[in-house]
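S.K.: Once you've had a glance at the structure underneath, I'll fire off some questions.
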Amino acid sequence: MDHFKQGQFEAKLAEIYQKSSWLKYEIALTDFINLFPVHYRNGKPLKPERPAEFELDRETFLAVMVAFRFSFN
């Protein structure tokens, strides 16, 4: 587990949250970040999945995927 990359990913998630016009009315920042825990398999991070407990629009989820790729590749 790479704590630097994890922190970088969480910072990118916070940016996505702050730029969104609607997320702050629906979910707290910490809850938003917690929707995307990083799981590892054989030492490699697995891509986050779309959360079942909170409905995200396509654009926001794609931004999360880009943030993940930026942070872990």
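S.K.: Under 16 Å Cα to Cα from residue 44, which aspartates and glutamates show up? Leave out anything in the same chain fewer than 8 places away.
M.R.: Here the aspartates and glutamates satisfying the reach criterion relative to residue 44 are 2.
S.K.: Can you give the longest run of the chain that contains no GluC sites (Glu not before Pro) sitting in a DSSP loop with at most 15 other Cβ atoms inside 10 Å?
M.R.: 1-48
S.K.: In nanometres, what is the gap between the two model label sites at residue 15 and residue 46, each 7 Å from Cα along Cα-to-Cβ?
M.R.: 2.7 nm
S.K.: Also: Under a cut-off of 16 Å between alpha-carbon atoms, report the lysines in cross-link reach of residue 19, not counting same-chain residues fewer than 8 places apart.
M.R.: none
S.K.: Okay, next question. Quick check: net charge around residue 66, other residues with Cβ under 12 Å of its Cβ, Lys/Arg +1 and Asp/Glu -1?
M.R.: On the way: positive: 12, 47, 69; negative: 15, 59.
Taking every Cβ under 12 Å from that of residue 66, the sum is +1.
S.K.: Among 47, 12, 24, whose mean-square fluctuation peaks in a Gaussian network model of the chain (Cα, cutoff 10 Å)?
M.R.: Of 47, 12, 24, the Gaussian network model singles out 24 as fluctuating most.
S.K.: Give a residue-ordered list of calculated ³J(HN,Hα) values for the range 52-66 (Karplus: 6.51 cos²θ - 1.76 cosθ + 1.60, θ = phi - 60°; whole Hz; x for Gly, Pro).
M.R.: In residue order, the calculated couplings are 7, 8, 8, 7, 10, 6, 4, 4, 5, 5, 5, 5, 5, 5, 5 Hz.
Laboratory data are not the source of any read-out in this text; all were calculated from the coordinates shown. None of these values were measured; they are calculated from a predicted model. For neighbour counting, all protein chains shown are included, and Cβ atoms are generated from backbone atoms with ideal geometry for every residue, glycine included.
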